[in-house]
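First up is the structure itself, then whatever we jot down about it.
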Amino acid sequence: MYQPRLILASQSPRRKDILSLIQLPFETLAVDTEESLDPSLSIEENVTLIALRKAETAACMIEKTGQRAVILAADTVVAKGNRIYGKPADFDDAFGMLKTLQNRAHRVYTGFVLLSGDRSHTECVTTTVEFEPMSEREITRYLLSLQPYDKAGSYGIQDPLMACHIKRIEGCYYNVVGLPLSRVFKALKAFL
């Protein structure tokens, strides 16, 4: 039986590593889309809309080849209350984000979309994370050592220095890294 190609529409090495855990062949496709947030939409709506834009952009690129494919795209943001933390602009922005994420739980939202022809699946997964307090020196050390400027909220839960400061996590660990693997795998079964 013919199985469609699985395409991960992402440049994220973390998403690629996570998706490889399902042990199915897939390809990656870099897409460049607008990732701005619409203040009139909820966080869940924003991340799923951005993921949909990525998937649709990839679908247009794949369509030209005439091959069947299942496209997976995702977007992740960190939020504390109603404040959304995307990728930091620089060291100062990252430092400020990590300082404000101290001593209170925050949430990580990943919207993902599966798209194949006229079929689609859209979902948002949320995980709650709480840090142990970090001193300004510890924040500076983390930022200078690992430079997490390509990560929402200015941190990677999987980073060695950050892992030492995770007090509690409620929900999918892989969601915090960038792709809620169990939910993606469950949804993907209907497409392959």
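The values are calculated or read from the model by the stated rules, or taken from the named source; none is laboratory data. What you are looking at is a predicted structure, and each value in this text was computed from that prediction instead of being measured. Backbone-built Cβ (ideal geometry, glycine too); neighbour counts: all protein chains shown. In case anyone asks, the SASA skips ligands and DNA or RNA and just uses the protein heavy atoms, side chains included. Shrake-Rupley method; radii C 1.70, N 1.55, O 1.52, S 1.80 Å.
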Could you derive backbone 3J(HN,Hα) for the range 114-127 from the dihedral phi with the Karplus parameters 6.51, -1.76 and 1.60 (θ = phi - 60°), listing whole Hz in sequence and x where the residue is Gly or Pro? 10, 9, 8, x, 9, 9, 8, 9, 10, 8, 10, 10, 10, 10
Loop GluC sites (Glu not before Pro), the range 4-60, which have at most 16 other Cβ atoms in a 10 Å radius of their Cβ (DSSP): Glu34, Glu35
Averaged per residue, the 1.4 Å probe accessible area of the chain, protein heavy atoms only, in Å², is roughly 51 Å²
Stretched fully, the stretch from Ser145 through Arg5 gains (0.36 nm per residue minus C-alpha distance, one decimal, in nm) 46.6 nm
Here the convex hull volume per residue of the range 96-168, taken over Cα atoms and given in Å³, is 101 Å³
With a ≥ b ≥ c the root eigenvalues of the C-alpha gyration tensor of the range 138-192, is it rounded (a/c under 1.5), prolate (a/b larger than b/c) or oblate? prolate
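What FRET efficiency do you get for Asp32 and Asp93 if R0 is 22 Å and r is their Cβ-Cβ distance, rounded to the nearest 0.05?
Details: r = 22 Å, r/R0 = 0.99.
According to the calculation, E is roughly 0.50.
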Excluding residues fewer than 8 places away in the same chain, name every one of the lysines whose C-alpha is closer than 17 Å to that of Lys99. Lys80, Lys87, Lys151, Lys167
Between Met61 and Ala190, the FRET efficiency computed from the C-beta separation at R0 = 22 Å comes out, to the nearest 0.05, as 0.40
Taking the Cα centre of the range 22-121 as origin and charging only Cβ (+1 Lys, Arg; -1 Asp, Glu), how large is the dipole, in debye to the nearest 20? 380 debye
The range 124-192: which trypsin sites (Lys or Arg not before Pro) are DSSP loop and have at most 11 other beta-carbon atoms within 10 angstrom? Lys189
For Tyr173 and Glu138, compute 0.36 nm times the residue count separating them, minus their Cα-Cα distance, and round to one decimal in nm. 10.3 nm
